[in-house]
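Below you'll find the structure, written out as structure tokens, and then a few comments.
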Amino acid sequence: MRMALAIIICKIANTLSKLLKKEGTVIGGYWALKIYPNVLNNIKYPKYVIGVTGSSGKGSTTELISHILNKNDITYAYNKNGSNAVNGITSLILSNTSLNGKYKKQALLMELDEKHMVHLLKHFMLTHLVITNITRDQPPRNAHPEYIQSLIKSILKDNMHLIINVDDPLVYGLSIDHKGKKTYYGMDKTNYSKASNLHNIDAQYCPKCGSKLIYEFYHYGHLGKYKCANCDFKRPNPDFLAHTIDIKNRTIYINKDKIKIPSSFLYSVYFTIAAYSLANALTLQKDKILYSINIEPFISKRLNTYNFYGRTWQMLSSKNENNLSYKQSIDYILHEKGIKTIILGFDNSSRRYKENDISWLWDIDFENLKDKSIDKIVVIGRFKYDVMTRLEYAKINTEKLILIENFEIDIVNVLKNKTKGNIYSMVCFDKENELKEILKKEGITND
Amino acid sequence: MIKIAHLYYDIMNLYGENGNIRALKEHFERQNIKCEIHFLTINDKIDFEKYDIFYMGMGTENGQILVLNDLMKYKKQVKKSIEDGKYYFMTGNAYELFGRYIIDFKGRKIECLNIFPYYTKRINKKDFMDDCDFRIVGTTSGKCNFLDKEIIGFQNRGGTIHESDKYFIKINHGVGYEPKSLYEGYLYKNFLGTYLLGPLFIRNPYLTDYFIKKIIKEKNSSYKFKIFKNTFEIKAYETFLENFIN
């Protein structure tokens, strides 16, 4: 009875919220849990309950898995909007459950917040868990990578099938004592592989014996091919290895199969191989998996391109407080052809909380922007002087730096008159929305 | 020539702490003083006579203990060099290591260098699963007694300090040794310990110049110190005060 009531309330609250033009994906879960806190314990779950977590890449990985499930005629629900905390997931589950408590589809697919899932998974079990990486991300909320690793460890159960990125020693470390099924994925060396010069690599010491890990190569951050100098801890051979990686032409091989990747970002190799590995773990037919990735188009949502008075403007959303998110935007820009203008800056470190830590600026390899293809770097936002300081310390020629005091008034003129080449904004979501508004006023959209 | 040892640079560098070393180098070089940085870590031989400045930043709880095990080998040398007036800048949980001991999550006592009388208690794990309640997180600012400029910074730590007999700043914003304390950090001779993490010397250019000047003057009392106004660091510092502190 309470179950039925919770489900009905969830659906009504979500519908009302949508009618009020709100998101309608979280509020239902909130009310359902108020009525029946253990509602999730009493659902009859489907054969596949899939979680995807990690510091970054979980959204894209979940999207691609969704695409593969869809093309393989498996019915499923997933948190498309990215509501990945307790209320959002509750709402997702109850919206797809009959009043008698039976989940109605063949699979439940969830992008899971690496921190909130600890609370969520007290109520039900996953059959499969994909772990993408554990890196520096939002420290005021997440403390540090080893803390997140300890949280994920606390929810692992031996009857879960782990699909894990073994290039990350923190992720691989989670699986060492795991007695259940494991599928390992990883990436071979690419022409992006380069160590940071900032001495800020996490997990440099062996989790088993405390000796320093030796890396054959780094992809980014602490992801790469590592081994302990002292004991047997090393990056194992992946079951699914991405190799012969051609980022420009967007092709890779996974073992013997040629696979298309959806964008020219290194991270798209990771989410493709993660989704591919999960699809194999679900024992989907290989030709169908390949068909769904290679033949049916899949468009990643992160790339936004505009035409700014004859120049291409790409918006590369970069997540604040996540140095590797910025690094991947920088790597992408450096591998693009032609003269470039970059826009950098932010008003707040976070959208989630009011704390404004700025230490993460010093963990980003801005030194790599000392490149002759970069014409100008335009600095905007409330922390513009902090960003300028950082760029100055990166020894970027000061003639290349343009500081904009009144962003709303001056940005268009500055870009038009003082910069050349294609434009790459690598700002966080809030600033990106403002840039879109400014472009809209100029009559520029990407429709 | 100034020699700086960045101690345990590859472990105690969790929140952009590399910025501190770079700030020191940059500020010395602005005064035309050459500056050499040596990056040292576990199993390296550390000569505590050789350097003018020792710097260490923040690490994870596990990383900190790895470092402690190595640093304990040098207990006597560290103590002597602090007494001799060498400069120690220890930010984040690095400064916990110079106290008597750390009480860990399970209540175990981990012996530290025992140079200063304070000890550290890791905030208990019972609140571990709630949104970072087990850590003290947030913007912090306060006044020290040797500089007429507010010190600004950020904290993100899993420990509290007890029985400290000295301090670095009196808190105006945020918390000190523990949530009820109005004092933060430790200052003894040229040892500066503080929970303020990350690029403290980037964010506090006046503090940086205070120390740079002091160090240079000790070596050459007739040195004419150059003042740099309106640097981006200063503007960033003042903007932060305006937006978040005042």
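Please treat every number below as a calculation from the coordinates, not as lab data. Source: prediction; values computed, not measured. Cβ placement follows ideal geometry from the backbone for every residue including glycine, while neighbour counts extend to all protein chains displayed.
Overview of results
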| read-out | value |
| --- | --- |
| Peptides B:32-38, A:311-317, A:439-445 ordered by average Cβ neighbours within 10 Å, highest first | A:311-317, B:32-38, A:439-445 |
| Net +/- balance of residues flanking B:K76 in space, Cβ distance below 13 Å, scoring K and R +1, D and E -1 | +1 |
| Angle in degrees between helix A:407-418 and the longest Cα principal axis of chain A, rounded to the nearest 10 | 60 degrees |
| Derived scalar couplings ³J(HN,Hα) [the range B:144-151; Karplus, 6.51 cos²θ - 1.76 cosθ + 1.60; whole Hz; x for Gly, Pro] | 9, 8, 10, 8, 8, 10, 4, 8 |
| Amide H contacts of B:Y101 (H built 1.01 Å from N, under 5 Å, at least 5 apart or other chain) | B:C112, B:T120 |
| Sum of side-chain charges, B:C112 neighbourhood, beta-carbon under 9 Å (Lys, Arg +1; Asp, Glu -1) | -1 |
| Taking B:E61, A:E367 and counting other C-beta atoms within 10 Å, the order from fewest to most | A:E367, B:E61 |
| Percentage relative contact order, chain B, counting C-alpha pairs under 8 Å, at least six apart | 19 percent |
| For the range B:1-82: rounded, prolate or oblate by the Cα gyration tensor [a/c cutoff 1.5] | oblate |
| Partner chain coverage, peptide A:357-370 - average Cβ within 10 angstrom | 5 |
| Gyration tensor verdict on the protein assembly as shown (Cα atoms; rounded if a/c is under 1.5, prolate if a/b is larger than b/c, oblate otherwise) | prolate |
| Cα gyration tensor category, rounded, prolate or oblate, for the range A:303-441 with a/c compared to 1.5 | rounded |
| Highest average packing first - A:269-276, B:235-242, Cβ atoms within 10 Å | A:269-276, B:235-242 |
| Antiparallel content of DSSP bridges confined to the range A:303-441, in %, to 5 | 25 percent |
| Built amide H within the under 5 Å cut-off of A:Y226, gap 5+ | A:E216, A:R235 |
| Set B:K25/B:K214; A:K260/A:K376; A:K384/B:K226; A:K418/B:K226; B:K3/B:K73; B:K121/B:K166 screened for pairs whose C-alpha atoms are more than 24 Å apart | A:K260/A:K376; A:K384/B:K226; A:K418/B:K226 |
| 10 Å Cβ neighbours from other chains, averaged over peptide B:192-200 | 2 |
| Footprinting exposure proxy for A:M110, A:M3 (fewest neighbouring C-beta atoms within 10 Å first) | A:M3, A:M110 |
| Amide H contacts under 5 Å for A:D167, placed H, 5+ residues apart | A:M187 |
| Members of A:K153/A:K182; A:K104/A:K153; A:K370/A:K420; B:K50/B:K86 lying beyond 22 Å, as alpha-carbon distances in this model show | A:K104/A:K153 |
| On Cα atoms only, tilt of A:429-441 relative to the major axis of chain A in degrees | 60 degrees |
| Relative packing of peptides A:115-122, B:3-10, A:399-406, B:52-59 - highest average C-beta neighbours within 10 Å first | B:52-59, B:3-10, A:115-122, A:399-406 |
| Among beta bridges that DSSP assigns inside the protein assembly as shown, antiparallel share in %, nearest 5 | 45 percent |
| Least to most buried among B:F244, B:F116 (fewest other Cβ within 10 Å first) | B:F244, B:F116 |
| Residue-by-residue Karplus 3J(HN,Hα) for the range B:233-246, coefficients 6.51, -1.76, 1.60, Hz, glycine and proline x | 4, 5, 5, 5, 4, 5, 5, 5, 4, 4, 7, 10, 10, 6 |
| Whole-number percent relative contact order across the range A:41-294, with pairs defined as alpha carbons under 8 Å at least 6 apart | 19 percent |
| With Cα atoms, 0 to 90° folded angle of helix A:323-335 axis to chain A main axis | 60 degrees |
| Local electrostatic count, A:E321, Cβ distance below 9 Å [Lys/Arg +1, Asp/Glu -1] | +1 |
| Peptide A:133-140 - average C-beta neighbours from other chains (10 Å radius) | 3 |
